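The values are calculated or read from the model by the stated rules, or taken from the named source; none is laboratory data. A quick note: this is a predicted structure, and the numbers were derived from the prediction, not measured. A quick note on method: Cβ atoms are made from the backbone with ideal geometry, for glycine too, and the neighbour counts reach across all protein chains shown.
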Amino acid sequence: MAHRRPDRTLGPGHDEFWAWCDKQELRLPKCQACGKLAWPVTPRCQQCDASKFVWVQLSGRGSIVSWGTFVQDYYRGQMATPYDTILVELEEGVLFISNPDGFGEQDISPGMEVSVRFIDCEDSAGPFRLPVFCRSS
Amino acid sequence: MSKTAVPPTVPELSRAASIVGLGETDYGDDYRAQRNQPEGYTPPTPESLTKIAFARALEDSGLKLGDIDGLAVSYLYGGPSPAEVATMLDLRLRHTMTVHGIMAGPIPQVCAAIADGKCDTMAVVYAVATRSTGRTFGGMSAHPDEDAVPPSYYYFNPWGWSSQGAHWAFCWQHYRHRFGRAEEDLGQVAVQLRKNAMATPQAVMRKPMSIEDYMASRFIVKPLRLFDMCLVNDGGICFIVTRADKARDCAQPPVSVAGWGKANVKMDKLDTLIRQQLRPQCQAAGEQALQMAGLSLGDVGHFEAYDAATMHLVNHIESHGLAEPGTALDHFAAGDFAPGGRLPVNTAGGMLSGSYMHGWNHVAEAVHQLRHEAGERQTPGLEVAMTSLAQTDQVHPIIFTRGA
């Protein structure tokens, strides 16, 4: 069953990120001019202001930098509280906010290694696949 | 000039203008009235709050209505236009302007307008009915009336992640593991600011708070608790700002605007905020402000900083170089940041226990302190105060000095 989630940001560029997720690939836009990875998706490179990107596949591996548990129900019941969130430093250097899958805050220590997987979700725009992270084996 | 732009940090603008009048609304009384809803209660509006703050500021300054020839308005969540405020307050003006809502630019912009000869004496008004209008933060709340909300405020919604609170929760989680701090350690910030609010007549929260009370408060985004988060309340503030030469004849000791700075996070926001604690931005903007003022950090005797969360204040203190990284909580525990301590910080209770006035409250307290009128929370012999507004991606310090 698909998990109900708060709405994604959609539109040019953003749609491409989610389309790759649907294929279970974690890809981010890489600036063609300077090589910097963009996240969140932006129309212009924040480092060199160029506007051409190529979508590169990431390893999907990373380590946990920080984490927090949402106890307050910010999303008015769209997600059952409490739930955990993590900040993952991807191998390629990007910091990526996500959710832990198959473990919880009590299991986390800084630097813990994790790997991406995709879970079936839906928001008001329809079904999609969400990148989350499980413990690296 | 855009609403958030800051005038150049040049010595010619240093001490060109002074704050000579201050009016604040009754934050605590208004908060309790809103909660208790006594019979005949009518919620405050930006207009009603403006009228009160302006009348008090004018009276405080000793000036007459006809002396005010400029007006700057700041209504973060909407309010009347400058022309409507001028009519409401019966002002005849040479210059009006709309300034940014939070304390990121308004005071420097007003000083530049005065230095430019657009007017001599300006009323600078800010008001928000944040609580009465039921404003919420985080989640799917829309903020169409704010300029340029950072993408991190909404982009991670599909993972259930948003709110300023979550930013600071990630900061604290990272910090406490990096420096080996306990949960109780952060509580020292909340407890000290509550003590400060108890010595501030108009503060919202004046009930004593112990570390046990702090630890018993509910989690919002764990590891941050309710008492780590700032208040939501209604209020207004008005400053009367005049040209330096005119300030010397006013009723109150003038408070000069000596320097300011500005730095933004241009990229890698989460890394800059969570791992670097905004240190590059604080250092750059702080240096601009001090250099403009012709002062050094060691001259600063009182520090007021935007405390959306306890951790946010720790961030400011360490990143401006007022404590070594990882030590601010020890200094809080030792009373170094208390009134009478080595460097008093957020002496009116900040936004955590005093009043959530988006950094305007911090400037108001700097004025009280520099006038030496802060009563039991007064910093003895204070000559230089520093305020620092920072959000998750920008830093705006101001240096204020006593005298004109």
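At-a-glance table
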| read-out | value |
| --- | --- |
| Residues of region A:74-94 that turn out to be outside any loop (DSSP other than H, G, I, E, B) and out of contact with any Leu (no Cβ under 9 Å at 6 or more places or on another chain), as a count | 4 |
| Residue match in region A:113-122 (condition: in contact with a helix residue (DSSP H, G or I) (Cβ under 9 Å, 6 or more places away or on another chain), closer than 15 Å to A:Leu26 by Cβ and not in a strand (DSSP E or B)) | no |
| Hits in region A:71-88 (condition: more than 8 Å from every other protein chain (Cβ to nearest Cβ), over 14 Å from B:Ser162 (Cβ atoms) and not β-branched (Val, Ile, Thr)) | A:Gly77, A:Ala80, A:Asp84 |
| Criterion violated by A:Cys134 - all others in (1) assigned to a strand (DSSP E or B); (2) among the hydrophobic types (A, V, I, L, M, F, W, C); (3) over 17 Å from the mean Cα position of the chain (by Cα) satisfied | (3) |
| Residue within region B:248-255 that is out of contact with any His (no Cβ under 6 Å at 6 or more places or on another chain), among the polar types (S, T, N, Q), within 24 Å of B:Trp360 (Cα to Cα) and surrounded by 21 or more Cβ atoms within 10 Å (Cβ to Cβ) present | no |
| Residue tally, condition buried (at least 16 other Cβ atoms within 10 Å of the Cβ) and within 11 Å of chain B (Cβ to nearest Cβ), over region A:5-30 | 7 |
| Within region B:30-70, tally of residues that are more than 20 Å from the chain's Cα centre (by Cα) and either under 30 Å from B:Pro254 (Cβ atoms) or not polar (S, T, N, Q) (or both) | 26 |
| Single residue of region B:355-404 satisfying the filter (of a type in the set (Gly, Ala, Ser) and in a helix (DSSP H, G or I)) that is farthest from the chain's Cα centre (by Cα) | B:Gly375 |
| Residue count, region A:60-73 (criterion: surrounded by 18 or more Cβ atoms within 10 Å (Cβ to Cβ) and not in a loop (DSSP other than H, G, I, E, B)) | 8 |
| Number of the exception - A:Gln57 against (1) crowded, with 17+ Cβ neighbours inside 10 Å; (2) away from chain B (no Cβ under 12 Å); (3) touching a helix residue (DSSP H, G or I) at 6+ places or on another chain (Cβ under 9 Å) | (1) |
| Qualifying residue in region B:223-230 (condition: under 28 Å from B:Asp299 (Cβ atoms), surrounded by fewer than 24 Cβ atoms within 10 Å (Cβ to Cβ) and either free of Cβ contacts under 8 Å to residues at least 24 places away in the same chain or out of contact with any strand residue (DSSP E or B) (no Cβ under 9 Å at 6 or more places or on another chain) (or both)) | no |
| Any hit, region B:255-263, residues being of a type in the set (Lys, Arg) and within 25 Å of B:Ala16 (Cβ to Cβ) | yes |
| Residue among A:Ala38, A:Ala2 that alone is surrounded by 14 or more Cβ atoms within 10 Å (Cβ to Cβ), aliphatic (A, V, I, L, M) and modelled with pLDDT under 95 | A:Ala2 |
| Top-ranked residue in region A:105-121 [being touching a Phe, Trp or Tyr at 6+ places or on another chain (Cβ under 7 Å) and of a type outside the set (A, V, I, L, M, F, W, C); ranked as farthest from the other protein chains (Cβ to nearest Cβ)] | A:Ser115 |
| Extreme residue, nearest to A:Pro6 (Cα to Cα), among residues of region A:44-54 that are facing chain B (nearest Cβ under 9 Å) and touching a residue at least 12 places away in the same chain (Cβ under 8 Å) | A:Cys45 |
| Residue that is nearest to the chain's Cα centre (by Cα), among those in region A:28-43 that are assigned to a strand (DSSP E or B) and in contact (Cβ under 8 Å) with a residue 24 or more places away in the chain | A:Leu28 |
| Residue, nearest to the other protein chains (Cβ to nearest Cβ), within region B:204-238, restricted to residues that are in a strand (DSSP E or B) and closer than 25 Å to B:Asp26 by Cα | B:Met229 |
| Helices (runs of 4 or more DSSP H) lying entirely in region B:9-104 (those with 1 or more residues that are without any contact (Cβ under 8 Å) to a residue 12 or more places away in the chain and among the hydrophobic types (A, V, I, L, M, F, W, C)) | B:27-36 |
| Residue check, A:Glu91 charged (D, E, K, R) and either surrounded by 14 or more Cβ atoms within 10 Å (Cβ to Cβ) or facing chain B (nearest Cβ under 9 Å) (or both) | no |
| Subset of region B:256-310 (residues that are assigned to a loop (DSSP other than H, G, I, E, B), more than 14 Å from every other protein chain (Cβ to nearest Cβ) and surrounded by fewer than 21 Cβ atoms within 10 Å (Cβ to Cβ)) | B:Gly294, B:Leu295, B:Ser296, B:Gly301 |
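Residue-by-condition table, conditions (1) free of Cβ contacts under 8 Å to residues at least 60 places away in the same chain; (2) buried (at least 23 other Cβ atoms within 10 Å of the Cβ); (3) in a helix (DSSP H, G or I):
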position: B:Lys118; (1), (2), (3): yes, no, no
position: B:Ala123; (1), (2), (3): no, yes, no
position: B:Gly138; (1), (2), (3): yes, no, no
position: B:Ser162; (1), (2), (3): yes, yes, no
position: B:Gln202; (1), (2), (3): no, no, no
